[in-house]
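Student: Structure incoming, see below.
Throughout, read-outs are computed from the coordinates displayed, never taken from laboratory work. The structure presented is a predicted model; accordingly, all values stated were derived computationally and were not measured. Every residue, glycine as well, gets a Cβ built from its backbone with ideal geometry; the counts of neighbours run over all protein chains shown.
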Amino acid sequence: MSFDIDKIRNDFPVLGEKVYNKQLIYFDNGATTQKPSPVIEIINKYHSKLNSSIHRGVHFLSDQATNDYEDARKKVAEFINAEKSSEIIFTSGSTGSINMLAFSFGEKFVSEGDEIIITEMEHHANIVPWQMLCERKKAKLKIIPFNDEGILQTESLSTLITEKTKLVSVIHISNTLGTINPIKNIIEIAHRQSIPVMIDAAQSIQHLSVDVQELDCDFLVFSGHKAYGPTGIGILYGKEKWLENLPPYQGGGDMVDIVTFENTTYNEVPFKFEAGTTNYIGAIGMAEALRYIESIGLENIGKYETELMHYATKKLKETGIVTIYGNAPEKASILSFLIDGVHMADAGMMFDKLGIAVRVGTHCAQTVMQHFNIDGTVRASMSMYNTKEEIDYLCQTIHQVKAMLS
Ligand code: PMP
């Protein structure tokens, strides 16, 4: 299908909304994306016609819900080219997935003195769970640095790895700098020493093709709501050989085989990691969002968003009053910047009043701000439904903001 921006925008009802009587311009896609009609419709349909608990009932509605939930698992597996759908665990999102892995992997494989390697540009979700694990186990967190352009110093990985290293966990696309990290190279370096690698694909799954078999990553996470799906749902992908060997994270219904007061045996993978009533409507909604992405074509989306990013970078630079943080050559459509002499919070408030939704602050990446010795940035993160006209309006308002606030 060709890239029809008008049709795409029509698919997202919220884009027609006004805020403060101004046409909404939504540039906060790194935080969460808007939802297209097919996703909204399937969620509504489930709540109004088909709601029922999965894996438990013997009745029509439960059968239907179970089938659709398991089809959603197949859709996710196909989308990331997992070898088997049982390698997909549904979670509450990227944060839930990383916490699950840090607990489960940590319980089994991490001991005192061991090391976990992450990068300096991680989202807090890929820092804090590992820090908590390191505190529990008296292990050590090591950091791959980035330079002032926002480029990861991948060459330092070989020297950071020791015989104590148990896992490397890396953000694919930085939610703050926009940097696209060379994860295939990182995985190859780690695998040479037989060290497994987890990829945080929260910001990449909706922008570029992610093939877990081609990458050969051991684990991968993403969230539904950042890929045009609902909130409260995401996945942890794990190679079967790992998932079979990891202990469950939470106990409860559905994750068990036989329960007695003396002992419990667990269900098979992936169910042993899905305790309790899962967010099955979320999973079905997320699968619909992936189908929507496929209907547009990830390659088309990526190409369009890259064009928007280059255009926005040029236009922001042309204002002459903006500093951009993150200038890596391989970059996604995420732009962090500050207007000279204007505090980010004041700028954010002004943008808001003019109808533009941006994010201001540290973007859950305080270590990135510490690198640049700044409090935070304004972040405009663009998606397939944004336009050059919206970017022009942003740049015009930057001059207005500067005139009023500096
Ligand atoms: N990793 C990255 C790179 C992110 O951008 C985010 C969300 N901003 C997360 C992890 C956490 O995602 P969630 O809040 O959906 O769990």
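Student: Rounded to the nearest 5, what % of DSSP beta bridges with both residues in the chain are antiparallel? Walk me through the numbers before you get to the answer.
Tutor: On the way: 27 of 45 bridges.
About 60 percent, rounded to the nearest 5.
Student: Against the 2.2 N^0.38 Å scaling, with N counting residues, where does region 55-148 land? I'd like the Cα-based Rg ratio to two decimal places. Please report the intermediate quantities before stating the final value.
Tutor: Working: Rg = 18.0 Å, N = 94, 2.2 N^0.38 = 12.4 Å.
After normalising by residue count via 2.2 N^0.38 Å, the value is 1.45.
Student: Residue by residue through region 266-276, which ³J(HN,Hα) values in whole Hz follow from phi under the Karplus form 6.51 cos²θ - 1.76 cosθ + 1.60 (θ = phi - 60°), with glycine and proline marked x?
Tutor: Those phi angles translate into 9, 5, 6, 5, x, 5, 5, 9, 10, 6, x Hz.
Student: Is the shape of region 182-268 rounded, prolate or oblate, going by the alpha carbon gyration tensor and its root eigenvalues a ≥ b ≥ c, with a/c under 1.5 for rounded and a/b larger than b/c for prolate?
Tutor: oblate
Student: So what's Rg/Rh here for region 193-336, counting alpha carbon atoms and using the Kirkwood radius for Rh?
Tutor: Reported Rg/Rh (Cα atoms, Kirkwood Rh): 1.10.
Student: Taking the chain as a Gaussian network, where each spring joins two C-alpha atoms under 10 Å apart, which residue of Gly285, Gly376, Gly16 fluctuates the most?
Tutor: Result: Gly16 has the largest fluctuation of those listed.
Student: Would you compute, from DSSP H runs of 4+ residues alone, the mean residue ellipticity of the chain at 222 nm, taking -39500 (n - 2.57) per run and dividing by the full residue count, rounded to the nearest 500?
Tutor: Value at 222 nm, helices only: -12000 deg cm²/dmol.
Student: So for His123, His399, fewest C-beta neighbours within 10 Å to most, what's the order?
Tutor: Working: His123 23, His399 13.
If I rank by nearby Cβ atoms, fewest first, I get His399, His123.
Student: Hey, another quick one. Hey, which lysines would be in cross-link range of Lys142, C-alpha to C-alpha under 25 Å, not counting anything within fewer than 8 residues on its own chain?
Tutor: In chain and number order, the partners are Lys108, Lys164, Lys166, Lys184, Lys239, Lys331.
Student: Which residues make up the longest stretch of the chain that has no GluC sites (Glu not before Pro) in a DSSP loop with at most 16 other Cβ atoms within 10 Å?
Tutor: Looking at the chain, 164-243 is the longest stretch - no exposed GluC sites (Glu not before Pro) with at most 16 other Cβ atoms within 10 Å.
Student: At a threshold of 8 angstrom on Cα-Cα distance, excluding pairs fewer than six apart, so keeping six or more, what relative contact order does the chain reach in percent?
Tutor: Once normalised by length, the contact order is 23 percent.
Student: What FRET efficiency would be calculated for the residue pair Val259, Ala403, taking the C-beta separation as r and a Förster radius of 56 Å, to the nearest 0.05?
Tutor: Step by step, r from the Cβ atoms, then E = 0.25.
Student: Here is the link list: Lys22/Lys314; Lys226/Lys272; Lys7/Lys226; Lys22/Lys75; Lys22/Lys226; Lys49/Lys353. Which ones come out longer than 31 Å on Cα distance?
Tutor: The answer is Lys22/Lys75; Lys49/Lys353.
Student: Starting from the Cα gyration tensor of region 109-265, take the square roots of the eigenvalues, sort them a ≥ b ≥ c, and report rounded, prolate or oblate (rounded when a/c is under 1.5, otherwise prolate if a/b is larger than b/c, else oblate).
Tutor: Working: a/c = 1.88, a/b = 1.31, b/c = 1.43.
Oblate shape, in that a/c is at least 1.5 and b/c is the bigger or equal ratio.
Student: Average projected area of the Cα convex hull of the chain, in nm²? Numbers along the way, then the final one.
Tutor: Details: hull surface 84.1 nm².
Average projection, Cα convex hull of the chain: 21.0 nm².
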